[in-house]
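Below is one structure, written out as structure tokens; the observations come after it.
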Amino acid sequence: MLEIANLTAQAGGFRLTDIQLGIAAGECHAVLGPSGSGKSTLLGAVLGTRPVMAGRVRLANDDITHWPIEHRRLGYVPQQLGLFPHLSVADNLAYSARARRVPEAEYRPLLDRLVDITGLGALLSRPIATLSGGERQRVALVRALTADPRLVLLDEPFTALNESLRREMWWLVKDLQRERGLTVMLVTHDLTEAYFLAEHITVLIEGRQEQSGSKVEVYRRPASLAVAHFLGLKNLFPATVARSAEGWIEADCPVLNARFRLPGDAPEGCAVVLGIRREDVTLRDAAHPPPPPSEQVLTGTVQIVDLGSEAEIHLQPGPDAPVIEVAVPWRTVQHFGLRDGQSGVRVGLPEAHMFWVKAP
């Protein structure tokens, strides 16, 4: 449906380079990244508000790289919504279709259906200024869909809403996507929003495409340390490749005083960073069965730092050994009843759940 190939675009002194991604029909694809990473520049290149310096943007069978914005048949919900305060809700909803000269007989059935789904029927005569934040979000979304666009672009439209309203809008977008078969490109910095709405994600860092793929693949196997940091992964340990052969590496990690055998290719002597997600760390004490051979185990005395939904375990293997810090879910600490000063605690790092990236 949407294909972006070798795209370079510029906004002032900022340049977005060599972007390549595709969005299948009926799919929601999230573009993620911190502020200043190039998310809005990419969206502007697709929308037609940012000139493309190199590369191509194709929508269905059309090369729209240099088409005027009004010819692209895109639905757009900007972060500030862009509603017209001097128009009623009804006039705002019909604006996009009328601006494209879509006959009312064509857009009215879809508009009426969307009004029914979103519960805007009682608000049609109201001025925009009298609406709540959630109501304005609904108006902006329906307006973007009324002309039956080929692609819907969402530019962080839910940022200003409180948590409960944001989740309500997520469900609305998901329901509309299922019912209408919408193809959506979502620009956001919110990981939870992206993982709720999207099937595939692209991570931008400082104008570069760091990784693109299924949300499960990106989360489980980040392609770089920058992606791992952006995803909020904390269990990251420096290591060096000691042996490399036949699609596997063996990496020595001085911090953990252990060697790990992991899939991948890297030359011997290469500096890498080993990682494991907090939910994949195992905890045991002497009463539990020993771990499998493929699980590296750290044993020692623990101090526990409560960080709300997660905990930081400070494990000291011996009196003179350096402290090792490992993040785990707080519920795991509760499940095992760990307490400060408890000795003989075994922290397991299953190799099957570990990943590695090259050190910067």
Among the residues of region 172-217 satisfying the criterion of being of a type outside the set (S, T, N, Q) and touching an Asp or Glu at 6+ places or on another chain (Cβ under 6 Å), which is nearest to LEU231 (Cα to Cα)? VAL203
Would you mind stating whether GLN10 is surrounded by fewer than 21 Cβ atoms within 10 Å (Cβ to Cβ) and either more than 29 Å from GLU179 (Cα to Cα) or not assigned by TED's automatic domain parsing to the domain that holds ILE205 (or both)? yes
So which residues in region 175-194 are assigned to a helix (DSSP H, G or I) and in contact (Cβ under 8 Å) with a residue 60 or more places away in the chain, if there are any at all? LEU176, GLN177, GLU179, LEU191, GLU193, ALA194
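Okay, residues lined up against (1) under 12 Å from ALA144 (Cα atoms); (2) modelled with pLDDT of 90 or more:
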site: MET53; (1), (2): no, yes
site: ARG56; (1), (2): no, yes
site: ASN61; (1), (2): no, no
site: ILE64; (1), (2): no, yes
site: HIS71; (1), (2): no, no
site: LEU74; (1), (2): yes, yes
site: PRO78; (1), (2): yes, no
site: PHE84; (1), (2): no, no
site: VAL89; (1), (2): no, yes
Could you please let me know if LEU182 is within 13 Å of LEU32 (Cβ to Cβ), modelled with pLDDT under 95 and within 23 Å of the chain's Cα centre (by Cα)? no
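Yes/no matrix, rows are residues, columns are (1) within 19 Å of the chain's Cα centre (by Cα); (2) assigned by TED's automatic domain parsing to the domain that holds GLU179; (3) in a strand (DSSP E or B):
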| site | (1), (2), (3) |
| --- | --- |
| ILE19 | yes, yes, yes |
| GLY26 | yes, yes, no |
| VAL31 | yes, yes, yes |
| ALA45 | no, yes, no |
| MET53 | no, yes, yes |
| ARG56 | no, yes, yes |
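Which members of region 259-315 meet the condition of being among the small types (Gly, Ala, Ser), assigned to a strand (DSSP E or B) and either modelled with pLDDT under 90 or more than 13 Å from MET354 (Cβ to Cβ) (or both)?
At the first step, the residues of region 259-315 found to be among the small types (Gly, Ala, Ser) are 264, 266, 269, 271, 275, 286-287, 294, 300, 308-309, 311.
Narrowing further to those that are assigned to a strand (DSSP E or B): 271, 275, 300, 311.
Of everything in region 259-315, those that are among the small types (Gly, Ala, Ser), assigned to a strand (DSSP E or B) and either modelled with pLDDT under 90 or more than 13 Å from MET354 (Cβ to Cβ) (or both) turn out to be ALA271, GLY300, ALA311.
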Every residue from region 24-45 that is modelled with pLDDT of 95 or more and of a type in the set (Val, Ile, Thr): VAL31
Residues within region 208-225 that are assigned to a loop (DSSP other than H, G, I, E, B) and either without any contact (Cβ under 8 Å) to a residue 12 or more places away in the chain or touching a helix residue (DSSP H, G or I) at 6+ places or on another chain (Cβ under 8 Å) (or both), tallied: 1
Within region 17-34, does at least one residue satisfy the condition of being hydroxyl-bearing (Ser, Thr, Tyr) and out of contact with any Ser or Thr (no Cβ under 8 Å at 6 or more places or on another chain)? no
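What about THR159, is it polar (S, T, N, Q), in contact (Cβ under 8 Å) with a residue 40 or more places away in the chain and closer than 24 Å to PRO85 by Cα?
yes
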Counting just the residues of region 228-258 that are of a type in the set (Gly, Ala, Ser) and not in a loop (DSSP other than H, G, I, E, B), which one comes out surrounded by the fewest Cβ atoms within 10 Å (Cβ to Cβ)? ALA245
Conditions (1) at pLDDT 95 or above; (2) within 16 Å of CYS28 (Cβ to Cβ); (3) among the β-branched types (Val, Ile, Thr) -> VAL173 fails only (1)
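The values are calculated or read from the model by the stated rules, or taken from the named source; none is laboratory data. All figures in this text were calculated on a predicted structure; none of them were measured in a lab. Because the Cβ atoms are built from the backbone with ideal geometry, glycine has one as well, and the counts that use them run over all protein chains shown.
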